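Q: Encoded as structure tokens, here's the structure I'll be asking about.
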Amino acid sequence: KERYKIEITGEALIIVCQNNDPEAVRGLLDAIPTSRKLEVLTEYKSTDGYFCLHQAAWKGLSLVAKELLRCVSEDAGEDAVLSLLHCRNKNTVVYSVYDQTALHLACGANGEPHSHTVRCLLEGLCDSSISHLLQQKDQDGNTAMHHAARFGSPDLVCALGLDRLSLESRNLVCRVMNSEGKSAYDMAYEKGNLWTFEYFHKFFSDPSGE
């Protein structure tokens, strides 16, 4: 009976996330036992293969994303939040690119980027957690920074918090190679996104980022 209730709640969560209803998200999450919340959020997917947080990141639903992360954080702590942020799409039906984190999607991996959602996903994380998350690759070897460099939006690139990281971490993040042997630094140059290219170069040239 409990399993059936959780299944119904998990399926309902997908719907209310798609409908951008953070209050309904909170109500449904409150009905799930604390020990099962992370499991539900990393098990139930929409028909296109997106978990709740992925759905929110893809569509730029910052309030929904914030509510999902808040609930997990309050009940299970930072480790659970990181598990949710590192969760990946493995079974996407509509798109050929998968194995993505929510951060990949917020940075425009499968559509338009949403800088406000990027900030929401990274809010409250320590520098080492941000660095590790920014080095995660999707199926094509692209990191969230690759996608941000491709779009070249200053607001999006700044939202990723590169200025918070140590010089060593900045170099790691921006020089991770994708499956074509290109770094985010290379991609910014290739796409003609001069502001982003110079922004990356500034951090490599000046450890203070100033």
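Q: Name the single residue, out of those in segment 93-116 being part of a loop (DSSP other than H, G, I, E, B) and aliphatic (A, V, I, L, M), that is surrounded by the most Cβ atoms within 10 Å (Cβ to Cβ).
A: So the residue we want is Ala109.
Q: Pairs needed: first member in segment 141-156, in contact (Cβ under 8 Å) with a residue 40 or more places away in the chain; second member anywhere, in a loop (DSSP other than H, G, I, E, B) and hydroxyl-bearing (Ser, Thr, Tyr); C-beta distance under 8 Å; at least 6 residues apart or different chains.
A: Hits for this filter: Ala144/Thr101; His146/Ser183.
Q: If you scan segment 63-82, which residues turn out to be at pLDDT below 85 and either surrounded by 17 or more Cβ atoms within 10 Å (Cβ to Cβ) or in contact with a helix residue (DSSP H, G or I) (Cβ under 7 Å, 6 or more places away or on another chain) (or both)?
A: Asp75, Ala76 - these are the residues of segment 63-82 that are at pLDDT below 85 and either surrounded by 17 or more Cβ atoms within 10 Å (Cβ to Cβ) or in contact with a helix residue (DSSP H, G or I) (Cβ under 7 Å, 6 or more places away or on another chain) (or both).
Q: Can you give me the number of residues within segment 25-53 that are farther than 17 Å from Thr101 by Cα and open to solvent by less than 30 Å² (accessible area, probe 1.4 Å)?
A: Residues flagged as farther than 17 Å from Thr101 by Cα and open to solvent by less than 30 Å² (accessible area, probe 1.4 Å) within segment 25-53 amount to 4.
Q: Among the residues of segment 148-186, how many are out of contact with any His (no Cβ under 9 Å at 6 or more places or on another chain) and β-branched (Val, Ile, Thr)?
A: Total satisfying the criteria: 2.
Q: Quick one: what pairs do we get from segment 28-43, first residue within 21 Å of Asn89 (Cβ to Cβ) and free of Cβ contacts under 8 Å to residues at least 24 places away in the same chain, second open to solvent by 50 Å² or more (accessible area, probe 1.4 Å) and of a type in the set (S, T, N, Q), C-beta under 8 Å, 6+ apart or different chains?
A: If the second residue must be open to solvent by 50 Å² or more (accessible area, probe 1.4 Å) and of a type in the set (S, T, N, Q), no pairs are left.
Q: On to the next question. Taking Asn193 as the residue in question, decide whether it is within 24 Å of Leu84 (Cα to Cα), open to solvent by less than 50 Å² (accessible area, probe 1.4 Å), more than 17 Å from the chain's Cα centre (by Cα) and of a type outside the set (Phe, Trp, Tyr).
A: For Asn193, the condition - within 24 Å of Leu84 (Cα to Cα), open to solvent by less than 50 Å² (accessible area, probe 1.4 Å), more than 17 Å from the chain's Cα centre (by Cα) and of a type outside the set (Phe, Trp, Tyr) - is not met.
Q: From Leu53, Leu68, Leu63, which residue is within 23 Å of Asn142 (Cβ to Cβ) and not basic (Lys, Arg)?
A: Matching residue, one of Leu53, Leu68, Leu63: Leu53.
Q: Within segment 113-121, is there a residue that is of a type outside the set (A, V, I, L, M, F, W, C), out of contact with any strand residue (DSSP E or B) (no Cβ under 8 Å at 6 or more places or on another chain) and touching a residue at least 60 places away in the same chain (Cβ under 8 Å)?
A: Looking through segment 113-121, at least one residue is of a type outside the set (A, V, I, L, M, F, W, C), out of contact with any strand residue (DSSP E or B) (no Cβ under 8 Å at 6 or more places or on another chain) and touching a residue at least 60 places away in the same chain (Cβ under 8 Å).
The values are calculated or read from the model by the stated rules, or taken from the named source; none is laboratory data. All of these numbers come straight from a predicted model, not from anything done at the bench. Please note: Cβ atoms are built from the backbone with ideal geometry, for glycine as well, and neighbour counts cover all protein chains shown. Heads up: the accessible areas ignore ligands, DNA and RNA and are worked out on the full protein's heavy atoms, side chains in. Shrake-Rupley method; radii C 1.70, N 1.55, O 1.52, S 1.80 Å.
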